[in-house]
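> Okay, here's the structure, questions in a sec.
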Amino acid sequence: MNGSILGNDKKKAIRGKCGMSKSIWMESEELPKYKTLKGHVKTDVLVMGGGICGILCAYFLKQAGLDVVLVEADRICSGVTGNTTAKITSQHGLIYSKLIKSRGREKAQKYLHFHESAIEKYKELAKEIPCDFETKDSFIYSCYDRKKIEQETEAVEKLGFAAEFHEKIPIPISVKGAVMFPNQAQFHPIKFLKGIIKDLKIYEHTFIKDIAPHKAWNDDGQITADKIIVATHFPFINKHGSYFLKLYQHRSYVIALEKAQDVHGMYMDSEKTGMSFRNYRDLLLIGGGSHRTGKKGGNWQELRKFSGAVYPSAREVGAWAAQDCMSLDQISYIGWYSKRTSDLYVISGCNKWGMTTSMAGAMMLCDMLMGKENIYEDVFFPSRNMLKPQLLLNGAEAVKNLLTPTTRRCPHLGCALKWNALEHTWDCPCHGSRFEENGKIIDNPATGNMKMIHK
């Protein structure tokens, strides 16, 4: 595979029981290792979470002159960040027509400008950090409904953005239409973050068990900080913010193919269960098979069936999965953790747009911690109205699983765990915690291993 991201020695992906390998990002780049926190540390700001959200928060705050400590429960970038499709875009499904109706034109425009500012910042930083940054057009398509694509195009044009309606797009799916955003981007996230983490104070394998005002603890140490940012994917502190009600988690799957197709852009279905397409070098990345964590979905089997039919000569060289936190209203939670926690901040609920939202959100949080006004605070305010239809669905799912009799319970709030036969994990349908077959925690909000109730 000449010129490919994977050298000859890595053509054979490292396969697990379920046929999953490391992502091409993690397979092709190695990140430095950091020690575990032991003893007592004092700092201006503690950032909890070593994904792109937390790393960018630490980076901007350090640039602003603050002393910052970042802690990660596992290895940095080992979660969603290392398993992304790495698209940078302000096109987040068919959101703008909905936002104009639900939040008004001004807030819809702020949402757009917020994420466009992230694209511009990536462009600026990528000039100094080699990360395979490429400007690409982005498309949201529909296989069934031309009208809603036309409505979204009109809505975005009203916001002053140069969106375009397209009858046809170069992917092997028949569509009714697509809305195109120009000058979006894609990159190699791990190459980018290798340039960002230089000179940051990072502790790995440092699992924070609990926090109090200005303090946090792991098994071997304590951190005292003037301010704390929770960037742990799913916020685990239940006594503030009610994030266990405001979030649910969604799994999605990716395969990487060689000898497939150059699609000359980034593409995503307007339906949650649809597929996405983008290239990286000589590989085609196809994403999809999505489902709520703890439920059944198409997963890799759906992607492999599709690719086998349309790209019979292609060869799969990678397969991985990601898990995204979904908010009640498709808008991220960025700002104060709750109305009562003036020195505790959060960034979460990025839905499927974490690469873009993390950049803009980190810049916003940096402003807030530095006492600067940020014009986007009111759009992403975490304590906004929770009365959304998704809240009822989340509540119903929690009640059903709390009442389900089983010996395996999630230590987060006690929901019944479901066996994921494909990935060989125990998954929580309530809030998305996941555990290895032996009960070891994989994904939060749980802060401990799986519980067994003995009859």
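The values are calculated or read from the model by the stated rules, or taken from the named source; none is laboratory data. Every value quoted in this text rests on a predicted model; they were computed, and no experiment measured them. All Cβ positions, glycine included, derive from the backbone under ideal geometry; neighbour counts span all protein chains shown. Quick note on the areas: whole protein, heavy atoms, side chains included, nothing else; ligands and nucleic acids left out. Shrake-Rupley method; radii C 1.70, N 1.55, O 1.52, S 1.80 Å.
Yes/no matrix, rows are residues, columns are (1) touching an Asp or Glu at 6+ places or on another chain (Cβ under 9 Å); (2) open to solvent by 10 Å² or more (accessible area, probe 1.4 Å):
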| position | (1), (2) |
| --- | --- |
| Cys53 | no, yes |
| Cys57 | no, no |
| Leu61 | yes, no |
| Arg75 | yes, yes |
| Gly79 | yes, yes |
| Thr84 | no, yes |
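> Go through region 421-430 residue by residue and tally those that are without any contact (Cβ under 8 Å) to a residue 24 or more places away in the chain and either in contact with a helix residue (DSSP H, G or I) (Cβ under 7 Å, 6 or more places away or on another chain) or not in a loop (DSSP other than H, G, I, E, B) (or both). Give the derivation first.
In the first step, residues of region 421-430 are kept if they are without any contact (Cβ under 8 Å) to a residue 24 or more places away in the chain; the result is 421, 425.
Going one step further and asking which of them are either in contact with a helix residue (DSSP H, G or I) (Cβ under 7 Å, 6 or more places away or on another chain) or not in a loop (DSSP other than H, G, I, E, B) (or both), we end up with 425.
Residues in region 421-430 being without any contact (Cβ under 8 Å) to a residue 24 or more places away in the chain and either in contact with a helix residue (DSSP H, G or I) (Cβ under 7 Å, 6 or more places away or on another chain) or not in a loop (DSSP other than H, G, I, E, B) (or both): 1 in total.
> Test each condition in (1) open to solvent by 20 Å² or more (accessible area, probe 1.4 Å); (2) among the polar types (S, T, N, Q); (3) in a helix (DSSP H, G or I) for Asn401 and report the one that comes out false.
For Asn401, the exception is condition (1).
> Shifting gears a bit: Got a number for residues in region 346-393 being β-branched (Val, Ile, Thr) and surrounded by fewer than 24 Cβ atoms within 10 Å (Cβ to Cβ)? Break it down into steps so the answer makes sense when it comes.
Filtering region 346-393 down to residues β-branched (Val, Ile, Thr) leaves 346-347, 356-357, 375, 379.
After this cut, where a residue has to be surrounded by fewer than 24 Cβ atoms within 10 Å (Cβ to Cβ) as well, the list is 375, 379.
Count: 2.
> While we're looking at this one, here's another question. Contact list please: Cβ distance under 8 Å, first residue in region 79-104 and on the phi > 0 side of the Ramachandran plot and assigned to a loop (DSSP other than H, G, I, E, B), second residue surrounded by fewer than 23 Cβ atoms within 10 Å (Cβ to Cβ) and polar (S, T, N, Q), pairs at least six apart or on different chains.
Note: pairs meeting the criteria are Gly93/Ser270; Gly93/Gln330.
> What tally of residues in region 304-345 results from selecting those that are farther than 25 Å from Phe277 by Cα, open to solvent by less than 10 Å² (accessible area, probe 1.4 Å) and not in a loop (DSSP other than H, G, I, E, B)?
Selection size over region 304-345: 4.
> Okay, next question. So, in region 438-453, of the ones that are in contact with a Ser or Thr (Cβ under 7 Å, 6 or more places away or on another chain) and of a type outside the set (Val, Ile, Thr), which residue ends up modelled with the lowest pLDDT?
Met452
Yes or no, residue by residue, for (1) within 27 Å of Met26 (Cα to Cα); (2) assigned to a loop (DSSP other than H, G, I, E, B):
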residue: Glu120; (1), (2): yes, no
residue: Glu128; (1), (2): yes, yes
residue: Glu157; (1), (2): no, no
residue: Ala162; (1), (2): no, yes
residue: Phe181; (1), (2): no, no
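> So, one more: From the residues in region 407-416 that are part of a loop (DSSP other than H, G, I, E, B) and touching a residue at least 40 places away in the same chain (Cβ under 8 Å), which one is surrounded by the most Cβ atoms within 10 Å (Cβ to Cβ)? Give the steps one after another, and end with the answer.
Going through region 407-416, the residues part of a loop (DSSP other than H, G, I, E, B) turn out to be 407, 410-415.
With touching a residue at least 40 places away in the same chain (Cβ under 8 Å) added as a condition, the list becomes 407, 410-413.
Numbers: Thr407: 11, Cys410: 28, Pro411: 19, His412: 22, Leu413: 17.
Filtering first and then ranking leaves Cys410.
> Let me ask you something else. If you go through region 280-302 one residue at a time, how many are free of Cβ contacts under 8 Å to residues at least 24 places away in the same chain and open to solvent by less than 20 Å² (accessible area, probe 1.4 Å)?
0
> Taking region 164-188 on its own, how many of its residues are open to solvent by 10 Å² or more (accessible area, probe 1.4 Å), out of contact with any His (no Cβ under 9 Å at 6 or more places or on another chain) and at negative phi?
Residues flagged as open to solvent by 10 Å² or more (accessible area, probe 1.4 Å), out of contact with any His (no Cβ under 9 Å at 6 or more places or on another chain) and at negative phi within region 164-188 amount to 12.
> Something else: Output the residues belonging to region 8-26 that are modelled with pLDDT of 95 or more and open to solvent by 20 Å² or more (accessible area, probe 1.4 Å). Show your work before the answer.
Within region 8-26, the subset modelled with pLDDT of 95 or more is 23-26.
Result: Met26, single match.
> Same structure, new question: In this structure, is Glu152 touching a Leu at 6+ places or on another chain (Cβ under 6 Å) and more than 25 Å from Leu125 (Cβ to Cβ)?
On the way: touching a Leu at 6+ places or on another chain (Cβ under 6 Å): yes; more than 25 Å from Leu125 (Cβ to Cβ): yes.
Here the answer is yes, as Glu152 does meet what is asked.
> Could you look through region 189-214, keep only residues that are assigned to a strand (DSSP E or B) and either modelled with pLDDT of 95 or more or of a type in the set (Asp, Glu) (or both), and pick out the one that is least open to solvent (accessible area, probe 1.4 Å)?
Selected residue: Ile202.
> Could you tell me which numbered condition Thr447 fails, if it satisfies all but one of (1) out of contact with any Phe, Trp or Tyr (no Cβ under 8 Å at 6 or more places or on another chain); (2) among the β-branched types (Val, Ile, Thr); (3) open to solvent by 50 Å² or more (accessible area, probe 1.4 Å)?
Thr447 satisfies every listed condition except (1).
> Moving to a separate point now. For residues that are polar (S, T, N, Q) and under 23 Å from Ser313 (Cβ atoms), scanning just region 266-291, find the one that is farthest from the chain's Cα centre (by Cα).
So in region 266-291, the residues polar (S, T, N, Q) come out as 270, 273, 276, 279, 290.
Narrowing further to those that are under 23 Å from Ser313 (Cβ atoms): 276, 279.
Values: Ser276: 15, Asn279: 19 Å.
Looking at the filtered set, the residue picked out is Asn279.
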